[in-house]
Amino acid sequence: MGSVRWAFPCAAWRPCRQEWLLAARLVQPEEKERIGQFVFARDAKAALAGRLLMRKLIAEKLCIPWNEIHLQRTSKGKPFLANNVFSIYSNYNFNVSHQGDYAVLAAEPELQVGIDIMKTNLPGSSSIPNFFCIMKRQFTETEWGVIKSMSNEWMQLDMFHRHWALKESFLKAIGVGIGFNLQRIEFNVSPLQLEIGKVYKETKMLLDGDKEEEWTFEETRLDDHHHVAVALGKQEGFGQNYSDVAISLGDGNAL
């Protein structure tokens, strides 16, 4: 059982009423309730797509029938598979994210994994410089130096979202929430320009000023607007220990 990387273009998915009702019946009532809390239909659709990707993975890779899959959440809200599974699957780890036009999933048989997707969009009514000012504390001086070295504001915003996806992927892999100080982690991105559809593994991370050699980061551009980052680390690495959970997974953009 190897690595899995999936991307589903949920913005292009336009289910009819019957298809939507069928899809909603494939998730648990509490999941359906959480999805129903999204204000915008596009966000509810993306969240449902993420849940369906998780269930597709479990059904295909762990051979658990769809109607027998039972997901629960830890005290911090991280979803996990509650079914009893064979010990050979005990380290199987997977994670989903949805933002912009896609829902994405990453799975690993032996590694901690976190995935995040970011779509580069203009920051609402705020100007890009004002937006950067508001977000100043989320990145280190070195990271801001790289972001602002880009040749125009749009490229700076694109580099901002690339860094954000990297940070989120790591936080999701280790299972911590919004209380984590993002300035503790610093990314040295490489290369500066990413080709669409190509997977890169050159970017390195510093944690509290020290290079983290045991963490690998995959980066991909799905198109001109969407960055995907995947964080990969050893099961016993930095972060909360979920040894009491057979198989863990995360949904990064849900309520």
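Could you grab me the full set of residues in the range 109-136 that are open to solvent by less than 60 Å² (accessible area, probe 1.4 Å) and in a helix (DSSP H, G or I)? So that I can check it myself, show each step before the final result.
Looking only at the range 109-136, we keep the residues that are open to solvent by less than 60 Å² (accessible area, probe 1.4 Å), and these are 109, 111-120, 123, 126-128, 131-132, 135.
Within the range 109-136, Ile128, Phe131, Phe132 qualify.
Cβ-Cβ below 8 Å, separation at least six or inter-chain, first residue in the range 15-44 and closer than 26 Å to Gln72 by Cβ, second open to solvent by 80 Å² or more (accessible area, probe 1.4 Å): which pairs?
If the second residue must be open to solvent by 80 Å² or more (accessible area, probe 1.4 Å), the pairs left are Ala24/Lys32; Leu26/Trp66; Arg34/Leu255; Gln37/Leu255; Phe38/Leu255.
Among the residues of the range 31-78, how many are in a helix (DSSP H, G or I) and open to solvent by 90 Å² or more (accessible area, probe 1.4 Å)? Outline the logic, then answer.
Filtering the range 31-78 for residues in a helix (DSSP H, G or I) gives 31-35, 41-61, 66-68.
Restricting the remaining residues to those that are open to solvent by 90 Å² or more (accessible area, probe 1.4 Å) gives 32-33, 42, 60, 66-68.
Total meeting the criteria: 7.
Among the residues of the range 137-194, write down those that are among the hydroxyl-bearing types (Ser, Thr, Tyr), in contact (Cβ under 8 Å) with a residue 40 or more places away in the chain and either crowded, with 19+ Cβ neighbours inside 10 Å or assigned to a loop (DSSP other than H, G, I, E, B) (or both).
Thr140, Ser169 - these are the residues of the range 137-194 that are among the hydroxyl-bearing types (Ser, Thr, Tyr), in contact (Cβ under 8 Å) with a residue 40 or more places away in the chain and either crowded, with 19+ Cβ neighbours inside 10 Å or assigned to a loop (DSSP other than H, G, I, E, B) (or both).
For the range 201-255, enumerate the residues that are at pLDDT 95 or above, within 16 Å of Ile117 (Cβ to Cβ) and open to solvent by 20 Å² or more (accessible area, probe 1.4 Å).
The answer is Glu218, Thr220, Arg221, Leu222, Asp223, Asp224, His225.
The values are calculated or read from the model by the stated rules, or taken from the named source; none is laboratory data. Everything numeric here is computed off the predicted structure, so don't read it as measured data. FYI the Cβ positions are ideal-geometry reconstructions off the backbone, even for glycines, and counts take in every protein chain you see. Protein only, heavy atoms only, side chains kept; ligands, DNA and RNA dropped before computing areas. Shrake-Rupley method; radii C 1.70, N 1.55, O 1.52, S 1.80 Å.
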